[in-house]
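S.K.: First, the structure itself, so that you have it in front of you.
The numbers here are math on the coordinates, done by the rules we state, and not lab data. Just so it is clear, the structure is predicted and the values come from calculations on it, not from any experiment. So basically every Cβ, Gly included, is an ideal-geometry build from the backbone, and we count neighbours across all protein chains shown.
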Amino acid sequence: MSSSPLQHLSSLNSLRQWRKTQHKEGRRVAFVPTMGNLHSGHLKLVREAQKLAEVVIVSIYVNPMQFGANEDLDSYPKTLEADIAALEALGVAAVFTPATAAMYPRGLAQQTFVEVPQISDLLCGASRPGHFRGVATVVCKLFNMVQPDSAVFGKKDYQQLMVIRAMVADLSLPVEVVGVDTEREPNGLAKSSRNGYLSASQKQQATVLYQQLSDAVRSLEQGETIECVEDRAQRAIAAAGLEPEYFTVRQQQDLQPAKADQPAPWVILAAARLGSTRLIDNLELAGPLHGPR
Ligand code: AMP
C-alpha cells in the first residue's frame, strides 16, 4: 500500500512523467483499467493488484469505441468523486482519467485497431459487433500509455479477459495479465455498474442467472448432458421474466462449445436482458469432470 497521497492524472504528459518516476525509483506498476462507478468488484481487483506491485494505478475511462449505437454510452453512471475517495482509502498511488481527446487524438475514425477475431465474434461479440475491437484497442492503448508490469481484470467479463490474454500473447506485450473471481451480492447477483439500472424487484429477478449457473455446475458434475443443462437453464431464465441471449457450456481456453469427450476445463457463460438492461455472468468448472456427460 502506498503511503503518499493519490495522484490524479488526466493528461498523457502527466501520466508519462509519473511512469518515468516509478521506473527511475525501481517500483513495479500494477494497472486496473475501469469505466468508473466503482463497486466492491473493482476494489477487489485493486487489492489483487496491490499484491503484484509496489504501486497501483487505476484508469477511469468510459470508452466510446466499445459501445454500439443503441447502447448506454451517454447514460453510463459517473461517480468520479466517490471513486477517487474509494481509491484514496485503499492507498492507490494514481488514478488516470483521460479525456476522449487524449485517448483518441485523431478521433474515433483513427486508422489503427486491435482485432482478435475468433474469440471476439462469438457470445457477447455476436450481439455487440465491434465491442471487443473497441475493448482490445483501448486496452492496448492504455497499456502503451501506462506501461504496467501487470494488469488485473475481472472474470465477470470472461470473454473480455480471454480477448485481452490473446492480444497480449499475439502482440508479445510485456504485461502479466491476472484474472480475479467475480464479486457477488449476498444473493449471488454479480456486482456490476449496470445493476444500478435495475429496480429492487428486478435485482431479485436477476439472481436467476447465478442460480442457474450454480445448478448447471452441479448437474454437469452429476453427469447430465450439456444439452439438457443448457435447455433447462434457458427455460428457467425465461420463466423468471428475463430474455435469455445465451446459456452455454464452453471450453475455458478458446470459448468454443464444450464437448463431452474432451477433458479440458469448462466455463458456463450466460447473458440475458432484463427490461433494457443486458446482464452477463459465468462460472468456471474446476478441472476436468469425470463420468458420463
Ligand atoms: P468495468 O468498469 O465494468 O469496465 O470493469 C472494470 C474491471 O472490473 C473489469 O476487469 C471487470 O471485469 C471488473 N469487474 C466488474 N465487475 C466485477 C465483479 N463483480 N467482480 C470482479 N471484477 C469485476
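S.K.: I need the shape label for the chain. Rule: rounded when a/c is under 1.5, else prolate if a/b > b/c, else oblate, with a, b, c from the alpha carbon gyration tensor.
M.R.: Numbers: a/c = 1.76, a/b = 1.63, b/c = 1.08.
Note, shape of the chain comes out prolate.
S.K.: Same structure again: Cα centroids of segment 149-181 and segment 71-93: how far apart, whole angstrom?
M.R.: If you average the Cα positions of each part, the centres end up 22 Å apart.
S.K.: Could you pull out every one of the lysines with an alpha carbon less than 18 Å from that of LYS51, ignoring same-chain neighbours closer than 8 positions?
M.R.: Result set, ordered by chain and number: LYS155.
S.K.: Counting DSSP beta bridges with both partners in the chain, what percentage is antiparallel, nearest 5?
M.R.: The antiparallel proportion sits near 50 percent.
S.K.: For each of THR182, THR100, count neighbouring Cβ atoms within 10 Å of the residue's Cβ, then give the residues from fewest to most.
M.R.: Fewest to most other Cβ atoms nearby, the residues stand as THR100, THR182.
S.K.: Using Cα atoms only, what is the angle between the long axis of helix 208-221 and the major principal axis of the chain, expressed in degrees (0 to 90) to the nearest 10?
M.R.: Orientation of helix 208-221: about 60 degrees from the principal axis.
S.K.: Hey, what angle do you get for helix 226-239 against the long axis of the chain, alpha-carbon based, 0 to 90 degrees rounded to 10?
M.R.: 80
S.K.: Taking N as the number of residues in segment 18-66, what is its Cα Rg relative to 2.2 N^0.38 Å?
M.R.: 1.27
S.K.: Next question. Once you've got the GNM for the chain with C-alpha springs shorter than 10 Å, pick whichever of ALA151, ALA240, ALA271 has the biggest mean-square fluctuation.
M.R.: Of ALA151, ALA240, ALA271, the most mobile in the Gaussian network model is ALA240.
S.K.: Using alpha carbons only, how many degrees (0 to 90, rounded to 10) separate the axis of helix 40-52 from the longest principal axis of the chain?
M.R.: 60
S.K.: What number, rounded to the nearest 500 deg cm²/dmol, is the helix-based mean residue ellipticity at 222 nm of the chain, given -39500 (n - 2.57) per DSSP H run of at least four residues and division by all its residues?
M.R.: -11500 deg cm²/dmol
S.K.: What are the lysines whose alpha-carbon lies under 19 Å from the alpha-carbon of LYS203, with same-chain residues fewer than 8 places away excluded?
M.R.: Straight-line reach from LYS203, under 19 Å: LYS156, LYS191.
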